[in-house]
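Reviewing the structure listed below.
The values are calculated or read from the model by the stated rules, or taken from the named source; none is laboratory data. The model shown is predicted, which means the values in this text are computed figures rather than measured ones. As a convention, Cβ positions derive from the backbone with ideal geometry for all residues, glycine included, and neighbour counts pool all protein chains shown. What goes into the accessible areas is simple: the full protein's heavy atoms, side chains included, and nothing from ligands, DNA or RNA. Shrake-Rupley method; radii C 1.70, N 1.55, O 1.52, S 1.80 Å.
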Amino acid sequence: MAELKKGNVVIEGKTKIVYELPDCRGQVLLQSKDRITAGDGARSHELEGKAAISTATTSAIFELLNTAGIKTHFVRKESDTAFVARKCDMIPIEWVTRRVATGSFLKRHPGVKEGFRFCPPKMETFFKDDANHDPQWSREQLLMAKLEVGGKVIGADEYQILAQTTVTVFEILEKAWASLDCSLIDMKIEFGVCSDTGDLVLADVIDSDSWRLWPAGDRRLMKDKQVYRELQTVTAEALETVKRNFAWVAERVPLLSPKPKARVVVIMGSPSDMGHCEKIRDGCQKLGVPCELRVVSAHKATDVALAMLHEYEGEGIPTVFIAVAGRSNGLGPVLSGNATWPVINCPPLSGDWGAQDLWSSMRLPSGLGCGTVMSPDAAALNAAQVLSLTDHVVWSKLRARKLNIWIDLIRADQKVRDDK
């Protein structure tokens, strides 16, 4: 790949430089520096290799969030120390989410003991102003400031969207890190307004400067920048320890997006139901859930149906079975009566016999637990929700989906008000 042509410097900060990309409309290059800072820049040191570590961490985190369905500025990793992003006008607010009380929160709230757990997570905002040490702003202060960024005023609707997105991003990354037995204690993120579309997107970088991360939930094992902040004396040896911690994180971030470890198997009683089943498969794929289609009749080939069931359960891959059978639905109940994993009925209802077909799926003998849903999309969603209990990748897609539906409703209400 040819090297990108860098244009003028858009902005230069303590740890990165943003360049225009003349040949890439609406995009910029974020180049990280080998520098670590703390205390609004009062402490600052060169740290060879940090740029590559930061870029690797940020790129993997944004790829995870993009895949989940969060709107971000990240386009692609360009080199070991730089990535391409959508050009944004940055909102001068740090959005902080806390799961556990520690750090500055304890200083601002005397009487709260370290380790107090926030359920739901606590969200706070801080105005970016180094000279005044990034003062905390309440919702009311932020709204009264009427910040105008990229031609957009940050009003009540924008605040709601950014606040909900902040917590959602935290919860997705919290689940991801928990899969590696690491506790995400708190984190800060920033947002921008896309220069070409006006979209609100997650922006800047997300790396070990952005969070507190405690392996096994043990503060003594922390792998984040707090180690650097707490150094009494900054020595070459101490900086090497900080660098090793950051590298430890960068090495594990790709593990936060494992290949799917769960699946849906749609079993149809007749190939005539293929169209209905393909809709279920399409719904699963949108949610990142692998889906297989099979054909077997519980009435006419009971032995084959049970052999198929035992084959899947014997593989040990968490599976949700979706039974597609009309008329007299024996398929779902037979599978449910012989399976330990969940079975969902999704009968292809017809206009003439719909009520009877539905009752054959819902009126079950005792001892059976298969549920029934009528639409293919609902069947796929139901199955994904079951699998999300043990698969954080699926969970992240569902969590982002919930956020995006909520944002669409806020925007629809905003449009109705504006059209009056």
(request) Using the structure shown, decide if THR15 is of a type in the set (S, T, N, Q) and within 22 Å of the chain's Cα centre (by Cα). (result) no
(request) Would you mind listing the strands (runs of 3 or more DSSP E) fully within segment 193-284 where at least 2 residues are open to solvent by 70 Å² or more (accessible area, probe 1.4 Å) and either over 28 Å from LYS87 (Cα atoms) or in contact with an Asp or Glu (Cβ under 8 Å, 6 or more places away or on another chain) (or both)? (result) none
(request) Identify the residue in segment 409-420 that is assigned to a helix (DSSP H, G or I) and open to solvent by 40 Å² or more (accessible area, probe 1.4 Å) and, among all such residues, is nearest to LYS259 (Cα to Cα). (result) LEU409
(message) Taking the conditions exactly as written (at pLDDT 95 or above and buried (at least 23 other Cβ atoms within 10 Å of the Cβ)), does ASP157 satisfy them or not?
(response) no
(request) Go through LEU142, LEU106 for me and flag whichever is surrounded by 14 or more Cβ atoms within 10 Å (Cβ to Cβ) and more than 15 Å from GLU190 (Cβ to Cβ). (result) LEU106
(request) Quick one: count up the residues across segment 321-352 that are part of a helix (DSSP H, G or I) and touching a residue at least 60 places away in the same chain (Cβ under 8 Å). (result) 2
(request) Would you confirm whether any residue within segment 292-302 is under 30 Å from SER179 (Cα atoms), in contact with a strand residue (DSSP E or B) (Cβ under 7 Å, 6 or more places away or on another chain) and open to solvent by 50 Å² or more (accessible area, probe 1.4 Å)? (result) yes
(request) Sort out which residues of segment 77-103 are in a strand (DSSP E or B) and open to solvent by less than 20 Å² (accessible area, probe 1.4 Å), and write them in order of number. (result) ALA82, PHE83, VAL84, ALA85, ILE93, TRP95, VAL96, THR97, ARG98, VAL100
(message) Quick check on TRP406: is it within 30 Å of ALA163 (Cβ to Cβ) and crowded, with 20+ Cβ neighbours inside 10 Å?
(response) no
(message) Return the residues of segment 112-132 that are part of a loop (DSSP other than H, G, I, E, B) and surrounded by fewer than 11 Cβ atoms within 10 Å (Cβ to Cβ); say none if nothing qualifies.
(response) LYS113
(request) Report, by residue number, each residue of segment 22-68 that is crowded, with 18+ Cβ neighbours inside 10 Å, assigned to a loop (DSSP other than H, G, I, E, B) and touching a residue at least 60 places away in the same chain (Cβ under 8 Å). (result) LEU47
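Matching residues to (1) under 16 Å from CYS284 (Cβ atoms); (2) open to solvent by less than 20 Å² (accessible area, probe 1.4 Å); (3) touching a Ser or Thr at 6+ places or on another chain (Cβ under 9 Å):
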| position | (1), (2), (3) |
| --- | --- |
| ASP357 | no, yes, yes |
| SER361 | no, yes, yes |
| PRO365 | no, no, no |
| LEU368 | no, no, yes |
| THR372 | no, no, yes |
| ALA380 | yes, yes, no |
| ALA384 | yes, yes, no |
| LEU387 | yes, yes, yes |
(message) Going by what's in this entry, would ALA384 be described as under 30 Å from ALA156 (Cα atoms), in a helix (DSSP H, G or I) and touching a residue at least 60 places away in the same chain (Cβ under 8 Å)?
(response) no
(request) Check segment 304-313 and report whether any residue there is modelled with pLDDT under 95, more than 30 Å from LYS259 (Cβ to Cβ) and either open to solvent by 40 Å² or more (accessible area, probe 1.4 Å) or part of a strand (DSSP E or B) (or both). (result) no
(message) Can you tell me how many residues within segment 391-403 are open to solvent by 90 Å² or more (accessible area, probe 1.4 Å) and among the polar types (S, T, N, Q)?
(response) 0
(message) Checking the structure you have, find out if any residue of segment 146-166 is touching a helix residue (DSSP H, G or I) at 6+ places or on another chain (Cβ under 6 Å), more than 24 Å from ARG417 (Cβ to Cβ) and not hydrophobic (A, V, I, L, M, F, W, C).
(response) no
